[in-house]
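Presented below is the structure to which this report refers.
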2 protein chains.
Amino acid sequence: MDNTPMRTRLSVHLLRSPARMSILGFALLIAVGTALLMLPASAAESPLGVVDALFMSTSATCVTGLSVLDIGRQLTLFGQMVILLLIQLGGLGILTVSTLLFMMMKGRPTLSGQAIIKDTFTYGEGKQTVTSVLRAIFATAFAIEAAGALCLYLRTAPSEGWRQAAYPAVFHAVSAFCNAGFALYRDSFVGYREDWIVNGVLGVLIVIGGIGFVVITDVKNRFIGGRDRLKRLSLHSRLALTASAILILLGALAILFMEWNNTLSTLSVPGRLLAALFQSVSSRTAGFNTLNTGLMANETLFMLCIFMFIGACPGSCGGGVKTTTIAGLSVAAISRLRGFRRPQVFRRTLTEASISKATSVVMMSAVVITLTVMVLMVSELGGISHTRTQGRFLELFFETISAFGTVGLSTGITDTLTPFGRLTIAALMFIGRLGPMVIGLAVSRELISRIQFAEENIMIG
Amino acid sequence: MDNTPMRTRLSVHLLRSPARMSILGFALLIAVGTALLMLPASAAESPLGVVDALFMSTSATCVTGLSVLDIGRQLTLFGQMVILLLIQLGGLGILTVSTLLFMMMKGRPTLSGQAIIKDTFTYGEGKQTVTSVLRAIFATAFAIEAAGALCLYLRTAPSEGWRQAAYPAVFHAVSAFCNAGFALYRDSFVGYREDWIVNGVLGVLIVIGGIGFVVITDVKNRFIGGRDRLKRLSLHSRLALTASAILILLGALAILFMEWNNTLSTLSVPGRLLAALFQSVSSRTAGFNTLNTGLMANETLFMLCIFMFIGACPGSCGGGVKTTTIAGLSVAAISRLRGFRRPQVFRRTLTEASISKATSVVMMSAVVITLTVMVLMVSELGGISHTRTQGRFLELFFETISAFGTVGLSTGITDTLTPFGRLTIAALMFIGRLGPMVIGLAVSRELISRIQFAEENIMIG
Ligand SMILES: [K+]
Ligand SMILES: [K+]
């Protein structure tokens, strides 16, 4: 085993204790990013303090997009490059780790560590090694980002200049694919809200970046490569695609209805359709906005909170508790109401393990968000009557869920947070980034065989 | 069967299609109550309009306590008696129905209707018939209410007068045991906030009324009657008692901490302890208040929203998704995280049916509340920017969950709702009252045997 190349040995470690390796890896990346952002070379004016540098580094690494700075003006090109690199490494990192973990666990939740590694290295009739999977992920990601950057460049170059348009095109393509939501413009993409090509390119990048590598591979093999033309899509891919489509459509319709006379009112009718659709695509985890979040109606902000909580698909760059988690629980609830003993969908039965994992992830996430909201309300508002802090509840609630779901939308209060509030939000971005995956992992490890106690019903409802 | 007494035939119907019978029964009671409250004899000034009469009748029948009137002043004694009767019938109704249904389903979720009825009539070695269970429920409820009324009377008579104190004592004892939360005083029990006896009596009535008849019987047989002195408490009773104790303690501590310098600030230190404890006991479903809800801090209101969502124990007069529902899901999440294959607690294993029922109830409730909040924000605020309606989100969110959980706490906006808003809240009280139980029933009916599809995992988190 001493001849194993470095890369493979890393993978072995990753697979042996994936939670610890992911947490350490992300923490290290954030620490390095913080140090780099504190350099005088990063800031356009005075250097960043440690709290703000840590906040920005965490936000970039966790591909969240919440920002206490206007990065297009207050950071130098060097500082922006640090952000871009953190986004790229953070985005690819989470994509890689979660994909490998899923491939490793697929259908064999009780193998011991050693066996899993051996098994994973020869996954799929000995053809797919960890190295080949990593290579495929990187190749796919870079190809999509390059294509996106090229499209953005060709669209914006005529107006912005052939030289000046290149860098923003690359930055925004990476930011979109990684679902990071960082933009070089102070108002995100409000200025492009009626530009169908820019919106379309960003939207496609966001959707592909948020659907997950497993689904991409599955769709490619079934419809494009033709390797598995006769096989059906996996249940996971079907659920992920269906849930995403439903959420995007429902969200767009709801935003259209709820914002028609508010933030959409100044746009043309096709413009309203485009803006509602883009905002729906972007709000579950990407975090770009073409509408002014700070002026939206209460009902829209509340719906976006739920969308941000749900988030993207697992094994992607996106955050949240994940579409398939909510889809699985919905299938369980609906199947039971329809009188089926087990959760069924698409002529398949969901495993009990999937449902109990989903329950764990949602319960833990709800508890974390609830506690954070309460802590922030105490720290930011000082425990005074809600009548003297009207409107702050919704703003802090929105900010908290945005951080947890690594979305990055904000009503505009990020840079008004106290240092304690900034650190709390930074911690939540980290927890929101790795928490659901780590919980998913923790509940997938070898299950303890103990005395089985007698079963007993309790009253429900 | 034609000789079966009326009472028994009703029970047979109830057991054959319990959901339909419960819904019809409550709807009928609300309709009669609405008609009575619209009579000129009910109102102290001009007669109530249909919307307000319907709202008040629904609120009383569903033992919610939200009110668009000051019932102590704007209703006549006759009108108040109508409210009291609706509370008593609604409270006993839900207590009876849910207890019978649990006894009927206990451990036999797949028997057919006829068999269940036969089985239930001879539940527990042929001793407990439906009639005997009903008799026991009524006897217990009236005994507790009478004892509570007597205590309240003896306490308040010296100051209020031996004649005047009788009626309020009866009204408030019934309102407390039924977890209705209606009070004859405009400010609920704020005037008694440092009265340990009044708070104690109300608190005990609320807890007993909210713990459920099954638990009461279980505890009595185990500790008092001695019939089952050697048997352990059922898993249901243990979970219900533990969850209630934890929620009461945690809630009191949190309120103490969060309101110390706010609504508690004018009280003595023992007074603060009492008020925090009473508010914690009352907030999950009873809805009395000794602190001014309208002046609480954001974090307290948010925590109360979660408490109101959880609610009381099933088979009681209380509302919400129920303590055991949340306890069951928590046990499932924690067991899984600790590496157990099945949800285990108190040396027992929770059935898969309990967990999937709990998932259905929570998912459906969350969807209903979410949609109602959004509808109310559109109807009450008119879809304008949240910056122009600051503070309204939290107030409407709180009001909605209060209605769903049949709690009755309010920040004070109930009588400012539009007629559409009042009807929506009334509908939600009805849904919140029967919904979780009906869902629990629906998912307990005979399960369809169909082709079992192959199992497949999905990615979670
Ligand atoms: K983001
Ligand atoms: K109540």
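Only the coordinates and a few stated rules stand behind these numbers; no lab work does. Computed from a predicted model, the values in this text were never measured in an experiment. Cβ atoms come from the backbone with ideal geometry, glycine included; neighbour counts cover every protein chain shown.
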A:ALA31-A:PHE346 pseudo-label distance in nm [points 7 Å out on the Cα-to-Cβ vector]: 4.1 nm
Teacher prompt: A:ALA146 distances to equivalent labels in other copies, 7 Å Cα→Cβ, nm: 8.8
Distances in nm from B:VAL269 to the matching label points in the other copies, shortest first (labels 7 Å along Cα to Cβ): 7.0
Computed Rg/Rh of segment B:225-372, alpha carbon atoms with Kirkwood Rh: 1.03
Innermost chain B residue relative to the axis carrying B onto A, by Cβ distance in angstrom: B:GLN390, 2
Evaluated over segment A:6-442, the Cα radius of gyration and Dmax, each in Å: 21.3, 65
Neighbour-count ranking [beta-carbon atoms within 10 angstrom, fewest first] of B:LEU39, B:LEU291: B:LEU39, B:LEU291
Difference of contour (0.36 nm per residue) and Cα-Cα distance, A:MET21 to A:ALA166: 48.6 nm
Inter-copy spacing of A:SER159 label points, which lie 7 Å from Cα along Cα→Cβ, given in nm from shortest upward: 7.2
Average other protein chain Cβ within 10 Å of Cβ, residues B:322-329: 3
A:THR266/A:TYR185 FRET efficiency (R0 30 Å; Cβ-Cβ; nearest 0.05): 0.95
Whole-angstrom Cα spans of segment B:137-294 along principal axes, big to small: 49, 41, 22
Rounded to whole Hz, the Karplus (6.51, -1.76, 1.60) HN-Hα couplings of segment A:395-405, x for glycine and proline: 5, 6, 4, 4, 4, 5, 5, 4, 5, 4, x
Segment B:339-348 - phi-based ³J(HN,Hα) in whole Hz, Karplus 6.51/-1.76/1.60, Gly and Pro as x: x, 7, 5, 10, x, 10, 7, 6, 6, 9
Cβ neighbours within 10 Å from other chains - mean over A:330-340: 6
Per-residue average of Cβ from other chains inside 10 Å of B:347-353: 5
For B:LEU75, distant residues with modelled amide H under 5 Å away: B:ALA44
Built amide H within the under 5 Å cut-off of B:GLY212, gap 5+: B:CYS317
Neighbour-count ranking [beta-carbon atoms within 10 angstrom, fewest first] of A:ARG163, A:ARG341: A:ARG163, A:ARG341
Extension gain, A:ALA157 back to A:VAL375 (0.36 nm per residue minus Cα-Cα distance, nm): 73.8 nm
Exposure proxy order (Cβ contacts within 10 Å, fewest to most) of B:GLU160, B:GLU299, A:GLU352: B:GLU160, A:GLU352, B:GLU299
